[in-house]
1. For segment 169-181: of the residues being among the small types (Gly, Ala, Ser) and surrounded by fewer than 20 Cβ atoms within 10 Å (Cβ to Cβ), which is farthest from the ligand (Cβ to nearest atom)?
2. All but one of (1) within 14 Å of the ligand (Cβ to nearest atom); (2) surrounded by 23 or more Cβ atoms within 10 Å (Cβ to Cβ) hold for residue 95; state the number of the condition that does not hold.
3. What number of residues within segment 195-210 are crowded, with 16+ Cβ neighbours inside 10 Å, of a type outside the set (A, V, I, L, M) and farther than 12 Å from residue 162 by Cβ?
4. Could you figure out which of (1) closer than 26 Å to residue 171 by Cα; (2) among the acidic types (Asp, Glu); (3) part of a loop (DSSP other than H, G, I, E, B); (4) away from the ligand (no atom under 16 Å from the Cβ) isn't true of residue 106?
5. For a quick check of your reading of the model, give me the residue pairs whose first member lies in segment 224-243 and is more than 10 Å from the ligand (Cβ to nearest atom), whose second is of a type in the set (Val, Ile, Thr) and part of a loop (DSSP other than H, G, I, E, B), with beta-carbon atoms closer than 9 Å and at least 6 apart or on different chains.
6. Restricting the search to segment 210-223, which residues are within 11 Å of the ligand (Cβ to nearest atom) and either more than 19 Å from residue 39 (Cα to Cα) or among the basic types (Lys, Arg) (or both)?
7. Of (1) touching a strand residue (DSSP E or B) at 6+ places or on another chain (Cβ under 7 Å); (2) of a type outside the set (D, E, K, R); (3) under 21 Å from residue 97 (Cα atoms), residue 168 satisfies all except one. Which?
Amino acid sequence: MRKKVIAGNWKMNKTPSETKALIEELIPLVKNTDDTVIVCPTAACLAAATETANGTNIKVGAQNMFYEESGAFTGEISADMLLDLGVEYVILGHSERRQYFAETDETVNLKVLKAFEKGLLPIICVGESLEQREQGITNDLVRMQTKIALKGVSSENAKKAIIAYEPIWAIGTGKTATTEQAQEVCKAIRDCVCEIYGKDVADVITIQYGGSVKAANSKELFEAGDIDGGLVGGASLKAADFEGIVNYK
Ligand code: PEP
């Protein structure tokens, strides 16, 4: 039985003091879940997040990371910096980074490899635009994104990867994919992982759905056979909303 993983992507929201306040509010609300709970604030708030979440069941993830060790890469953040802050997860290849910051499948792959080399767990985002869905190429596209992201990743590491299926048309739009649509693509991703690594990896890898997840739809989505939790944007910014998703059972 795979554990659900529910991660909040706070995007460019919350200051360090607001981060501390939101995590303090969340701690008692999510403390009884058996599932994995992750919050992913912006880089400037990671220290506040790890300090506040220390000793609780809330894990901290970053929203991005660079694949080089160190050096002349102004504005970038290395894996070692994240690890030193106590960060355990890192979102890679979010569609907003692909769209606004020229992230490509190849740079996502380099980042995934670096994350595993250093011991960070990547949350790898894949997903199609509305136009691509209408063209009927959703499954082909997410399979390709998955294959490139995992290129060179060992079976042992692939078992620890998290893939977030996030249809771009459902992110921040209030339009959630139906459970059938989300399940179909998450299963296509799992089948693709099975083709690359075999059933023992496919059976344990975590595949989340993301795109306007809220308390009202999380139970149905997370109970679908191939959906192992969610990557949550807007509804992770208020403790009461995020708690409703985490405690979906
Ligand atoms: C996201 O940005 O990862 C996301 C899923 O956002 P939202 O839940 O707001 O659609």
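1. At the first step, the residues of segment 169-181 found to be among the small types (Gly, Ala, Ser) are 170, 172, 174, 177.
Checking the rest, the ones that are also surrounded by fewer than 20 Cβ atoms within 10 Å (Cβ to Cβ) come to 172, 174.
Working: 172: 4, 174: 8 Å.
Among those residues, the one meeting the criterion is 174.
2. (2)
3. 1
4. (3)
5. 228/205
6. Answer for segment 210-223, where residues must be within 11 Å of the ligand (Cβ to nearest atom) and either more than 19 Å from residue 39 (Cα to Cα) or among the basic types (Lys, Arg) (or both): 214, 217.
7. (1)
For every residue, the table says whether it meets (1) at pLDDT 95 or above; (2) away from the ligand (no atom under 16 Å from the Cβ); (3) over 23 Å from residue 98 (Cα atoms); (4) touching an Asp or Glu at 6+ places or on another chain (Cβ under 9 Å).
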residue	(1), (2), (3), (4)
10	yes, no, no, no
14	yes, no, no, no
27	yes, yes, yes, no
30	yes, yes, yes, yes
37	yes, no, yes, no
54	yes, yes, yes, no
61	yes, no, no, yes
66	yes, yes, no, yes
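The values are calculated or read from the model by the stated rules, or taken from the named source; none is laboratory data. Quick caveat: nothing in here was measured; it's all calculated off a predicted structure. All Cβ positions, glycine included, derive from the backbone under ideal geometry; neighbour counts span all protein chains shown.
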